[in-house]
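The values are calculated or read from the model by the stated rules, or taken from the named source; none is laboratory data. Everything quoted here is computed from the prediction, not taken from an experiment. Cβ sites come from the backbone with ideal geometry, for glycine too, and all protein chains shown count toward neighbours. Note: accessible area is taken over every heavy atom of the protein model, side chains too, but ligands, DNA and RNA are not part of it. Shrake-Rupley method; radii C 1.70, N 1.55, O 1.52, S 1.80 Å.
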Amino acid sequence: MRHTSDTLWLEILETLGETAVNDIYLRQVSPRYLDKESFKVAVPSDYTQDEIQNRFLREITKVLADRISSECAFEIAVDASLAKTPDVDKTESTVKDTAPEPTGLNPNYVFDNFYVGQSNRICHATAYAASQDLGGEYNPLFIYGGVGLGKTHLLHAIGNLVQEENSKRKVLYVTSETFMNEYIDSIMNRTSAQGFRSKYRTADLLLIDDIQFIQRKEGTQEEFFNTFNDLYLNSNQIVMTSDRSPSMLKNLEERLSSRFEWGMVAEIDKPNYELRLLILRQKCQDQGLDNISDEVLNYVAEIVTANIRELEGTLVSLKARASLMDEELTIDLARSVLRDTSTPTRDKSLRKVVTPESIQELVAEHFQLNSSDLTSTKRTKILVYPRQIAMYLCRELTQLSLIDIAEAFNRQNHRTITYACQQIENLLEDGETKNVIQLLTDELT
Ligand code: ADP
Ligand code: MG
């Protein structure tokens, strides 16, 4: 996260904890300026300046060293005009009372334009089910997976559908960072603390995106815990997304992460080839791009494997190039577009000499087997280890989804691959497996 002086100050307060957040002197601080060498704030009086310097300087400097750099100095200036700040809070809150409450929803993210494949089927189904039965079986719903795979899209889709079916329902979408910032704001200006509580605790549907950011934020976790309990006990629906599963949220209080598992936990995986192609086709249609040939779409679906955001990005580049050239996109043109937009993942895929087949061949050769042994379902002991090595290498060296890899090994279920990778990871501590992996990796790349 790139800091502004405001966000840095909020984060400092958050890190120092509840007493700091409630401290009468710290609450008078107005953040002013931030660069690598200094973080400048202003306070209304000498007295406040002294108090803060004496009581908090050391701790604040420590946080600065941690978040910005050890060279960054904390400087407090006195600005007497701060003492005369008019009471704007009241006027603001009356304005807010009459305005319709914003939901934070993006109307473009709906179920209708969320395309479903094997990798996101379960997430999609549970998200839809939750929208039809708020506070029911899938409460809370916890969706997790890597970046660009559609978590945020699904979250908005639930909210939009609920609103569409019943506009009286109170829906609220926020990222966990917004939740944190509003929480800290509410404590700093006492007047809006009530507003904050009622905003979150009266929601029929609370959608919290990227919950992983509240790790290590004790104050926010406490507040979220209370919000969660309130909503849950009143059968209001909570849906969260995260980049990892509840059990992998290591810096989160146990009582919170265990609650996240009370309802339904669903994983979203990387899209396989079919879904990538489907999404490309649909998005071309949505955008009226009919001059991109199947050959080109197949090619893009094959190369851009990391996530759906990248697929969309590639399509935008293709479209730009097509309109610039004012001609149909040939496969050669597509190749050059992909070469020009060299994000790291694409680079990797372009160097893609490494395929499941090449891995299987090399591993078979190394262990003196036939490569068809590796893709067979025979469970002979001497096959298990080489097969797991090959599966592990596929995950490490290709951009394929677990489902794609499972297919390359004639397996129905991607959990086989996850299991194999875990087995190899456990063995990596011992020197022999590490050497084998190193040797094979060197040969393959
Ligand atoms: P995440 O929150 O998991 O990082 P997003 O929800 O922001 O991912 O998705 C990234 C982009 O990909 C968005 O523009 C989204 O609309 C699109 N997208 C993701 N999954 C799908 C899908 N299944 N169908 C259509 N578009 C998708
Ligand atoms: Mg997201």
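Of the options ALA20, LEU10, TYR47, report the single residue whose Cα projects farthest towards the positive end of the charge dipole of region 1-56 (beta-carbon charges: Lys, Arg +1; Asp, Glu -1).
Toward the positive end, the furthest listed residue is LEU10.
In nm, to one decimal, how far is the GLN422 label point from the GLU274 one, both placed 7 Å along Cα→Cβ?
Result for the modelled spin labels: 2.7 nm.
In a Gaussian network model over the chain where Cα atoms closer than 10 Å are linked, find which of GLY150, GLY288, GLY117 has the largest mean-square fluctuation.
Fluctuation is largest for GLY288.
Rounded to the nearest 10 Å², what accessible area does ILE158 show when all protein chains are kept and the probe is 1.4 Å?
0
Mind running the shape call on region 227-279? Use the C-alpha gyration tensor, a ≥ b ≥ c as the square roots of the eigenvalues: rounded below 1.5 for a/c, prolate if a/b tops b/c, oblate otherwise.
oblate
For GLY135, enumerate residues with amide H under 5 Å from its amide H, sequence gap 5+ or separate chain, H modeled in the peptide plane.
Those qualifying (amide H under 5 Å, at least 5 residues apart or on another chain) are GLN237, ILE238.
Have a look at LEU362, LEU318, GLY263 and report the one farthest towards the positive end of the charge dipole of the chain, computed about the Cα centre with Cβ charges (Lys/Arg +1, Asp/Glu -1).
GLY263
Could you tell me the center-to-center distance, by alpha carbons, between region 248-264 and region 385-445 in angstrom?
29
Protein chains only, probe 1.4 Å: how do THR445, THR103, THR48 rank by accessible area, largest first?
Final ranking, largest accessible area leading: THR445, THR103, THR48.
Of the beta bridges DSSP finds with both residues in the chain, what % are antiparallel, to the nearest 5?
15
Keeping all protein chains in place and using 1.4 angstrom, which order do PHE56, PHE228 fall into by accessible surface area, from largest down?
Highest to lowest solvent-accessible surface, that is PHE56, PHE228.
Give the distance, in whole Å, between the Cα centre of region 287-316 and the Cα centre of region 200-225.
36
So if a site counts as exposed when it's one of the GluC sites (Glu not before Pro), its DSSP state isn't H, G, I, E or B, and it has at most 14 other Cβ atoms within 10 Å, what's the longest stretch of the chain without one?
138-260
Sorted by accessible area with a 1.4 angstrom probe, largest first, how do VAL436, VAL304 fall?
My answer, sorted largest first, is VAL436, VAL304.
Given a 1.4 Å probe and the protein chains all in place, what does the accessible area of LYS378 round to, in Å² to the nearest 10?
110
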